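**Q** What follows is a structure written as structure tokens; I'll ask about it next.
The values are calculated or read from the model by the stated rules, or taken from the named source; none is laboratory data. Note that this is a predicted model, so its numbers are computed, not measured. Ideal geometry is used to build each Cβ from the backbone, glycine not excepted, and the neighbour counts take in all protein chains shown.
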Amino acid sequence: MKQTMDVSSADFEYLRQLVHKHSGIVLSADKTYLAELHLQPIVESAGFSSIADLITYLRNQPFNNLHVQTIEALVTTETSFFRDGYPFEALKQYVLPELVKQRKIERSLNIWCAACSNGQEPYSIAILIQEHFPVLVNWSLRLIASDFSTKVLARARQGNYNQLEINRGLPKNIRDKYFKRLDNNWQINQEIRQMIDFRQFNLVETWPYLPKFDVIFLRNVLIYFDIVTKKALLKKVKQQLRPDGYLFLGSGETTINLDESFKLVTFDKHICYQLHNP
Ligand SMILES: C[S@@+](CC[C@H](N)C(=O)[O-])C[C@H]1O[C@@H](n2cnc3c(N)ncnc32)[C@H](O)[C@@H]1O
């Protein structure tokens with residue numbers, strides 16, 4: 001019989017600190033249900049008798065794969081194709097046309113999707129480019145997508161989505177053009193998959209070498225960090241952005257009161273960020 005799934009407040013506090021230390025993410029105290037919901041599969045697959053047992057193990061062992069699995073299970077990976085719509089409209093109508101003009105001599109464009117989760121965001125960008133900017137096919141186009149979670153990256157690399165995920169944000173004509181049916185799932189085509197260089201690294205640790213980017217999508221991750229981490233991350237992002245490049249944040253995120261080097265640029269219903277005085 002399954003043991004009770006309740007997580008004590010002391011155990012939850014341990015989990016909060018574990019997640020914060022390794023990802024920068026602050027789990028709010030009302031998120032114990034997250035632990036109860038998402039840790040049970042680990043409890044079962046690793047052969048513990050309860051969440052409390054798993055946490056006792058984690059507390060007493062050096063950092064290992066079970067700590068990683070626990071952290072990854074507690075982090076929100078919510079995403080969807082063309083999430084929120086407007087950022088992708090801004091990219092299509094204004095940002096990419098402008099950059100294509102600016103870069104027509106060097107014919108090179110670098111885009112980074114930081115915190116890419118299961119891949120819907122970078123695939124949305126790749127599809128948008130295929131659909132509307134065929135000129136870029138002959139450019140040096142680098143589309144890098146990163147996340148710290150091996151679990152989401154494995155799924156992102158596969159490019160295999162269930163019907164529910166496909167139904168969220170993907171127009172039917174785009175689905176039929178770029179995906180093929182595979183049993184009950186949909187597999188993104190090879191051409192789109194090959195456009196993306198998936199990398200694993202942690203935004204709050206030292207980054208590997210990265211080129212300077214024309215566009216950075218840093219969407220729906222800043223919101224989970226504390227102010228000190230947000231500021232430190234924006235400082236690093238700023239160094240990675242070309243002087244006339246564009247930063248895209250999630251709809252509930254902003255650089256205001258965090259980093260004054262950015263200015264707001266509004267495109268219809270979407271706000272992007274650029275550096276002051278390029
Ligand atoms: C809510 S999802 C957002 C996905 C996508 N950007 C979007 O807006 O739909 C947040 C993602 O950030 C990743 N993440 C959280 N902390 C991270 C860190 N310190 N370094 C890299 N990725 C991180 C999570 O694994 C998760 O996939």
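**Q** Considering L54, L99, which residue is touching a strand residue (DSSP E or B) at 6+ places or on another chain (Cβ under 6 Å) and over 24 Å from L222 (Cα atoms)?
**A** So the residue among L54, L99 that is touching a strand residue (DSSP E or B) at 6+ places or on another chain (Cβ under 6 Å) and over 24 Å from L222 (Cα atoms) is L99.
**Q** Quick check on N220: is it on the phi > 0 side of the Ramachandran plot, more than 16 Å from the ligand (Cβ to nearest atom) and in the same structural domain as L141 (by TED's automatic domain parsing)?
**A** no
**Q** Oh, and also: Go through (1) within 15 Å of I192 (Cα to Cα); (2) touching a helix residue (DSSP H, G or I) at 6+ places or on another chain (Cβ under 9 Å) for S149 and report which single condition fails.
**A** With (1) within 15 Å of I192 (Cα to Cα); (2) touching a helix residue (DSSP H, G or I) at 6+ places or on another chain (Cβ under 9 Å) applied to S149, the lone miss is (1).
**Q** Something else now. Write out, first by first residue and then by second, each pair whose Cβ atoms fall under 9 Å of each other, whose residues are 6+ apart or on separate chains, and whose first residue, in segment 41-63, is within 18 Å of R16 (Cβ to Cβ) and without any contact (Cβ under 8 Å) to a residue 24 or more places away in the chain while the second is surrounded by 12 or more Cβ atoms within 10 Å (Cβ to Cβ) and among the aromatic types (F, W, Y).
**A** Short answer, once both residue conditions are applied: L54/F48; T56/F48; Y57/F48.
**Q** Right, next: Could you name every one of the strands (runs of 3 or more DSSP E) located completely within segment 167-255 that has at least 2 residues being surrounded by fewer than 18 Cβ atoms within 10 Å (Cβ to Cβ) and more than 17 Å from the chain's Cα centre (by Cα)?
**A** Those strands (runs of 3 or more DSSP E) span 179-182, 185-188, 241-249.
**Q** Could we say that P62 is loosely packed, with under 14 Cβ neighbours inside 10 Å, assigned by TED's automatic domain parsing to the domain that holds V26 and at pLDDT 95 or above here?
**A** yes
**Q** Let me ask you something else. Tell me, which helices (runs of 4 or more DSSP H) lie completely within segment 42-118 with 3 or more residues that are over 23 Å from K269 (Cα atoms)?
**A** Per the criteria, 51-60, 65-74.
**Q** Turning to a different aspect of this structure: Among the residues of segment 67-102, count how many are away from the ligand (no atom under 15 Å from the Cβ) and either buried (at least 18 other Cβ atoms within 10 Å of the Cβ) or within 30 Å of D53 (Cβ to Cβ) (or both).
**A** 3
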